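Here is the structure we will look at.
The values are calculated or read from the model by the stated rules, or taken from the named source; none is laboratory data. Values in this document were obtained by computation on a predicted structure and should not be read as measured data. Note that we place each Cβ from the backbone using ideal geometry, even for glycine, and neighbour counts take in every protein chain shown. The area values use the complete protein model at the heavy-atom level, side chains included, leaving out ligands, DNA and RNA. Shrake-Rupley method; radii C 1.70, N 1.55, O 1.52, S 1.80 Å.
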Amino acid sequence: MTQATALETDTTLTPARLNHLQALEAESISILREAVAEFARPVMLYSIGKDSSVMLRLAQKAFYPGKIPFPLLHVDTSYKFPEMIAFRDAYTKEIGAELIVHRNEEAIAAGANPYTLGTQNCCGLLKTRSLLDALAEGGFDAAFGGARRDEEKSRAKERVYSFRDQAGQWDPKNQRPELWNLYNSRLRKGESIRVFPLSNWTELDIWLYLYAEKIPIVPLYFAKERPLITRGGQMTLVHNGMKLLPGEEVRTEKVRMRSLGCLPCTGAMRSEADTLPKIIEELLTFRRSERENRAIDHDEEGSMEVKKREGYF
Amino acid sequence: MDTVATTNFEEFLDVHLAQELLRFTTAGSVDDGKSTLIGRLLHDTKSVYEDQLAAVKKSRVNRAANGHVDLSLLTDGLKAEREQGITIDVAYRYFSTSRRKFIIADTPGHEQYTRNMATGASTADVAVVLIDAKAFLREGKLLPQSRRHTYIASLLGIPHVVAAVNKMDLVGYAQESFRAIRKEFVEFASKLGLKSVTVIPVSALEGDNVVTPSRAMSWYDGPTLLEFLETVPLAVANHNDPLRFPVQLVQRPDANFRGFSGQVARGVLRAGDRVLALPSRRESTVKRIVTWDGDLHVAAYPQSVTVELEDEIDLSRGEMLVSAADAEHGLPEITRRLRAMVVWMHEEALVVGRTYIVKHTTRTVRATVKSIRYRVDVGSLDHVQADRLAMNEIAEVELETSLPLFFDAYSESRSTGSLILIDGLTNATIGAGMIVGTVESGAGENEQATLVLVPGRAALAERVRDALEARGHRAVVIDDALISDDAFVAVVRALELAGVAAISSRALFPERLAEVTRSIQGFAAGAIVSGDGVDDEEVVRLAGVRT
Ligand SMILES: Nc1nc2c(ncn2[C@@H]2O[C@H](COP(=O)(O)OP(=O)(O)OP(=O)(O)O)[C@@H](O)[C@H]2O)c(=O)[nH]1
Ligand SMILES: [Mg+2]
């Protein structure tokens with residue numbers, strides 16, 4: 001990005017000081033390359049969200065002029081926004097990435113949903129179980145994830161290389177020490193490592209980078225008049241085939257999504273921000289965290305940690 | 001989009017991106033208020049979202065006195081931490097002010113988790129060492145863990161140390177108490193050779209001198225902790241440093257392109273420069289510095305780039321490009337025998353003679369502990385003799401690696417002077433090393449064999465094993481029928497990683513022998529000793545025992 005500009009303006013051959021995003025980029029690229037060098041079969045978890053979009057661009061950069069040397073894995077719960085699926089298919093095709101889509105068809109057929117199961121159990125089946133199955137099926141020993149430490153307080157405890165045992169579980173009380181940028185990739189059979197190249201990025205960094213790099217993202221991030229209902233205390237977008245409960249009334253409001261998860265469990269927010277600069281301006285005024293509109297995070301204190309221990313990303 | 005808002009936005013972006021980043025870590029003894037201090041810093045700089053603060057307020061746990069919100073819960077993010085009221089593992093938090101961006105590593109004080117403290121401290125520019133004023137007055141001296149952490153901070157080369165004398169509210173905000181503590185800390189720090197030391201009286205609980213100047217301590221006229229963090233000068237990369245470019249990955253997307261990817265660890269790389277590949281010492285010229293955003297004329301620490309060279313030279317992951325101009329002076333040390341300060345991080349002790357795995361830059365090798373030069377008594381800083389190193393102990397250790405490492409002293413360069421030690425069997429990260437230098441003259445010492453082959457001489461195999469064991473090596477005979485010929489290479493390799501010599505009286509097919517040889521050359525310290533046509537005594541001697 002701004003490196004190209006440095007090349008044009010810098011004829012003196014004196015290296016310029018890296019700005020904040022360039023420094024983050026350099027670190028992330030190094031992490032991606034290190035993992036590709038050391039693991040037999042890495043995969044990238046691609047959730048279609050803003051963080052995944054940044055991670056994907058970093059992977060393109062890390063392996064340029066070659067192609068991304070690992071597949072992308074999308075764990076599809078069947079509850080993703082249709083716009084997300086459309087974006088996923090078009091974008092991965094455009095950049096020539098290999099995409100694996102995994103669904104827990106058994107649970108989906110059995111009608112797993114957050115209303116009757118509760119978000120914890122629903123996530124457990126459609127996300128965590130499905131993810132662990134997909135990783136096992138693919139024989140992946142490393143999985144890149146777009147999680148950031150600034151997202152949530154148990155994530156703040158995560159290593160860049162996060163070790164998982166044979167059952168895919170995280171033991172936060174016994175993590176490998178991780179000094180400097182010397183990552184320990186050694187595994188026994190069946191064990192794996194989650195690699196988090198965006199560990200040190202903040203939400204603001206992600207938006208600034210999306211802007212600076214002109215990275216396409218799912219249109220749901222931008223404010224627009226959308227039909228919605230209020231359900232479970234949050235603004236839920238209405239989509240085809242959705243059954244309205246008694247008393248629910250569809251209305252239209254100008255809203256956007258601050259983070260993208262499953263339709264029923266990710267709330268929309270009122271907003272006028274329909275461009276990246278406006279989103280960033282809005283972000284600077286926020287008093288509440290980005291995961292607040294994600295039902296899964298506050299079932300109880302520490303629920304993210306519980307999910308992560310079980311193998312959730 | 002050419003509106004006024006957009007112009008302002010571009011300005012905002014420029015200002016924002018130009019901000020410096022400071023990484024700092026907390027350190028100190030258990031319960032002296034590290035997490036509370038970080039919580040206070042985040043809270044008073046308005047870096048905490050309302051829903052996060054609300055979650056802390058309604059938490060069942062609250063250890064804060066005087067009806068305060070327990071701000072330590074903002075970083076103690078694990079269930080076990082909240083239940084036990086201690087920090088177990090490092091938490092990373094991010095915040096910024098109008099002056100700087102910050103990455104905080106809030107580390108545990110409990111001795112058991114010293115390794116996690118080292119994790120958080122390894123990349124820090126500043127260490128904030130907390131000292132509980134009340135505990136100090138009670139003990140009359142610094143707590144052992146405060147000393148240990150300060151010592152580790154100095155070993156890790158953290159440029160600035162600031163002691164936050166905490167819980168001043170519990171000692172009546174008394175200036176004499178602060179002075180006594182400051183005197184002792186400054187004395188200790190100067191013994192460690194720390195150059196930049198600042199001492200600030202604070203109360204994390206009440207917020208004195210964290211972000212806001214203390215009213216209760218009007219006698220103090222130095223900076224608040226935040227002011228200090230916002231203004232302490234940051235080290236800048238020296239572009240006159242010699243070039244170090246460890247190769248991470250060789251990229252060959254097609255037959256026409258072969259690029260060496262990596263992160264510049266030191267110095268500056270320029271297109272057209274003559275470079276030297278280590279260890280082959282072959283020279284070439286930098287043809288292009290390739291990035292997704294276009295080619296660069298120049299790349300410096302810490303940029304991640306891909307280098308294309310003019311010539312097809314032998315270079316792979318774990319090797320290094322340096323400047324050919326440095327061939328006379330300014331090469332890294334290239335040796336298999338080195339000295340490092342090691343912080344041991346595992347329940348099972350480091351033992352002289354054991355072999356571990358070492359990761360240094362992008363290079364992974366095996367390393368045998370040849371000796372412990374001295375252990376450091378963290379209380380007195382005296383050097384004491386030792387032949388093993390228990391968890392959390394620190395020593396200068398001599399290592400012999402299976403392949404040469406290319407390094408600078410840690411005091412010169414964190415990135416080319418640091419290493420980690422890994423247990424070959426459990427794969428745990430068990431030690432952190434700061435390289436001091438090479439071992440002077442290791443002449444006359446043979447190394448232990450990796451594999452001893454004595455086809456058809458079963459009795460000799462046993463004799464070799466006994467001889468090796470008698471000299472303190474570990475060795476096994478692998479003639480067991482359960483080990484198939486197919487598994488032979490893997491077994492030898494596994495033993496090698498564990499620092500155990502393999503001995504066999506099998507007659508191997510030539511192809512298998514070639515395979516073993518190839519495999520061993522790739523990773524082993526020792527060699528294959530072949531007993532063919534050599535008498536028994538000579539085989540035992542060649543098996544690699546020190547004379
Ligand atoms: N009176 C008083 N109490 C404090 C102050 N700072 C912290 N405490 C209390 O000291 C106890 C320990 O605080 P923590 O912040 O958890 O200490 P810590 O250093 O993070 O502990 P570990 O991370 O487990 O090593 C808590 O009960 C705090 O409320 C202070 O300035 N004054
Ligand atoms: Mg703490």
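Please give the charge dipole size of chain A, origin at the Cα centre, charges +1 on K and R Cβ atoms and -1 on D and E Cβ atoms. Round to the nearest 20 debye.
Details: 44 positive and 44 negative charges, 44 e Å.
Value, rounded to 20: 220 debye.
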Please go through the residue pairs B:Lys141/B:Lys195; A:Lys157/A:Lys224; A:Lys214/A:Lys254; A:Lys93/A:Lys214; A:Lys127/B:Lys101; A:Lys50/B:Lys46 and name each one whose alpha carbons sit more than 28 Å apart in this structure. A:Lys157/A:Lys224; A:Lys127/B:Lys101
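Tell me, what are the semi-axes, in whole angstrom and largest first, of the equivalent ellipsoid of the protein assembly as shown as set by the roots of 5 times the Cα gyration tensor eigenvalues? Walk me through the intermediate numbers first.
Working: eigenvalues 411, 251, 158 Å².
Here the semi-axes work out to 45, 35, 28 Å.
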So how far, in whole Å, is the C-alpha centre of the range B:150-185 from the one of the range B:30-98? 21 Å
Of all DSSP beta bridges located in the protein assembly as shown, what percent are antiparallel, nearest 5? 65 percent
Burial order of peptide ranges B:292-300, B:69-77, B:214-222 (average beta-carbon count within 10 Å, highest first): B:69-77, B:292-300, B:214-222
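With charges set only on the Cβ (+1 for Lys and Arg, -1 for Asp and Glu), what does the dipole of the range A:218-297 come to about its Cα centre, in debye to the nearest 20?
Working: 14 positive and 11 negative charges, 20 e Å.
Roughly 100 debye, rounded to the nearest 20.
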Considering the dipole of the protein assembly as shown built from charges on the beta carbon (Lys and Arg +1, Asp and Glu -1) around the Cα centre, which of A:Ser130, A:Ala268, B:Leu403 is farthest to its positive end? A:Ala268
Nearest 10 degrees is fine. How inclined is helix B:458-470 to the longest principal axis of chain B, computing both from alpha carbons? 30 degrees
Pull up the cross-link candidates among the lysines for B:Lys287, meaning alpha carbon to alpha carbon under 29 Å and not fewer than 8 places away within one chain. A:Lys61, A:Lys67
Could you give each residue of the range B:216-227 its phi-based ³J(HN,Hα) in whole Hz, using Karplus coefficients 6.51, -1.76, 1.60 with θ = phi - 60°, and x for Gly or Pro? 5, 10, 5, 5, 8, 10, x, x, 6, 4, 5, 4
I'd like to check one number: the per residue accessible area of the protein assembly as shown, probe 1.4 Å, reported in Å² as a whole number. 40 Å²
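Provide the gained length on full extension for the span B:Arg99 to B:Asp382, in nm with one decimal, where the gain is 0.36 nm per separating residue minus the Cα-Cα distance. List each step's numbers first, then the result.
Working: separation 283, 0.36 × 283 = 101.88 nm, distance 4.17 nm.
Result: 97.7 nm gained on full extension.
Could you tell me which trypsin sites (Lys or Arg not before Pro) in the range B:58-161 are loop residues by DSSP with no more than 11 other beta carbons within 10 angstrom of their beta carbon? The partial results should precede the final answer.
Values: sites: B:Lys58, B:Arg60, B:Arg63, B:Lys79, B:Arg82, B:Arg93, B:Arg99, B:Arg100, B:Lys101, B:Arg115, B:Lys134, B:Arg138, B:Lys141, B:Arg147, B:Arg148; in loops: B:Lys58, B:Arg60, B:Arg63, B:Arg99, B:Lys141.
Here the trypsin sites (Lys or Arg not before Pro) that fit, given the DSSP loop and packing criteria, are B:Lys58, B:Arg60.
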Residue among B:Leu53, B:Val129, B:Ala18 farthest towards the positive dipole end of the range B:9-231, charges placed on Cβ: B:Val129
Full extension from B:Ala494 to B:Glu283: what is 0.36 nm times the residue separation minus their Cα-Cα distance, to one decimal in nm? 72.4 nm
Antiparallel DSSP beta bridges within the range B:44-168, percent to nearest 5: 45 percent
Would you pull out the residues with amide H under 5 Å of B:Glu393's amide H, same chain only if 5 or more places away, H placed 1.01 Å from N? B:Trp344
Shielding by other protein chains, B:81-88, mean Cβ within 10 Å: 2
HN-Hα J couplings of the range B:149-161 from phi, Karplus 6.51/-1.76/1.60, θ = phi - 60°, integer Hz, Gly and Pro as x? 5, 5, 4, 4, 4, 5, 4, 6, x, 5, x, 10, 10
Using bins 5 angstrom wide from zero, how does P(r) for the range A:218-297 break down, in % of all Cα pairs? 3, 15, 26, 25, 19, 8, 3, 1
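Sorted by mean Cβ packing within 10 Å, highest first, what order do the peptides B:252-260, A:258-266, B:121-129, A:221-229 take? Could you put the intermediate results ahead of the total?
Values: B:252-260: 13.9, A:258-266: 22.0, B:121-129: 24.6, A:221-229: 16.4.
With the highest mean Cβ count within 10 Å placed first, the list reads B:121-129, A:258-266, A:221-229, B:252-260.
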Helix B:4-18 axis, angle to chain B major axis (alpha carbon atoms, nearest 10°): 60 degrees
Is there a simple number for the mean count of other chain Cβ atoms within 10 Å of the Cβ of residues in B:11-18, and what is it? 4
Expected integer from the mean partner chain Cβ neighbour count at 10 Å over A:147-157 is 6
Could you check how many percent of all C-alpha pairs in the range B:245-326 are farther apart than 19 Å? 24 percent
For the Cα atoms of chain B, what angle does the longest principal axis make with the long axis of helix B:34-44, in degrees from 0 to 90, nearest 10? 50 degrees
Under a straight-distance cross-link criterion of Cα-Cα below 17 Å, which aspartates and glutamates are reachable from A:Lys278, leaving out those fewer than 8 residues away in the same chain? A:Glu203, A:Asp205, A:Glu213, A:Glu225, A:Glu290, B:Asp2, B:Glu10, B:Glu11, B:Asp14
Put +1 on the Cβ of each Lys and Arg and -1 on the Cβ of each Asp and Glu in the protein assembly as shown; which of B:Thr231, A:Gly49, A:Val306 then has its Cα farthest toward the positive end of the dipole? A:Val306
For the range B:420-427, in residue order, the Karplus 3J(HN,Hα) values (coefficients 6.51, -1.76, 1.60; θ = phi - 60°; whole Hz; Gly and Pro = x) are 10, 10, 10, 7, x, 8, 8, 6
